[in-house]
Amino acid sequence: MIVRTASVDELPQIEAMYAAIVDAMQDTPLDVWWQMGSHPSHEMLLDAASDGNLLVAVDDGHDDADDTAAETANPVLGACILNGVQGVDYGIIDWGVPCDDAEVNVLHLLGVSPAARGRGVGRAIIDKASAMAMERGVKSLRLDTFDNNAPAIALYRSCGFTDHGVYEIHVGRGLIHASHLMEMDLR
């Protein structure tokens with residue numbers, strides 16, 4: 001597996017991966033309310049790819065542990081957006097890392113293909129995202145995740161994110177959901 005910056009040409013495969021995630025999670029206890037075309041949208045992913053802020057994990061054909069992805073038509077194992085755009089409610093708490101907004105990156109839309117779960121894809125994406133953020137001179141890597149997404153919460157904690165608690169935050173489309181606000185200290 002390789003985690004790298006995605007190209008615009010890969011958007012159809014990345015969007016197909018997100019659609020598979022939405023389908024797999026919809027109406028389950030892990031539903032994160034994503035809607036293809038809205039969140040994530042093509043424009044959101046296109047902007048991120050054009051700006052070098054869309055990360056993708058792809059099967060490089062050298063992972064002997066599990067060739068699940070090789071059995072599918074889509075080599076995209078996971079993806080995320082890494083940028084400086086903080087949620088509208090990120091100002092409601094005192095973050096643990098003192099820094100200016102310009103010294104913050106946010107992890108958005110971290111998703112792993114249902115066919116690739118359990119292979120360390122999420123952890124590999126977080127490792128690459130934190131390394132990229134440090135290269136950018138960022139001091140704080142932040143994210144929010146729904147309180148019902150126990151696997152994601154456990155992953156983030158195990159990767160070194162500090163959980164600042166659960167808050168009712170605006171998640172788009174006029175919706176509010178209880179979410180963990182989490183931060184990784186990159187100093």
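Just so you know, all these numbers are worked out from the coordinates, no wet-lab data involved. On a predicted model such as this, the values are computed, not experimentally measured, just so you know.
Numbers below:
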read-out: q = 0.16 Å⁻¹: log10 I(q)/I(0) that the Debye formula gives for the range 2-141, counting C-alpha atoms only; value: -0.87
read-out: Two-decimal Rg to Rh for the range 104-187 - Kirkwood Rh, Cα set; value: 0.97
read-out: Segment ALA16-ASP60, extension gain: residue separation times 0.36 nm, minus the distance between their alpha carbons; value: 14.0 nm
read-out: Theoretical gain in end-to-end length, MET44 to ARG4 [0.36 nm per residue, Cα-Cα removed]; value: 12.6 nm
read-out: Rg to Rh, two decimals, where the range 10-55 supplies the alpha carbon set and Rh follows Kirkwood; value: 1.01
read-out: Potential extension, THR162-ILE176 segment - 0.36 nm per residue separation minus Cα distance; value: 2.8 nm
read-out: Computed over the chain: relative contact order in percent, which uses C-alpha pairs under 8 Å that are six or more apart; value: 21
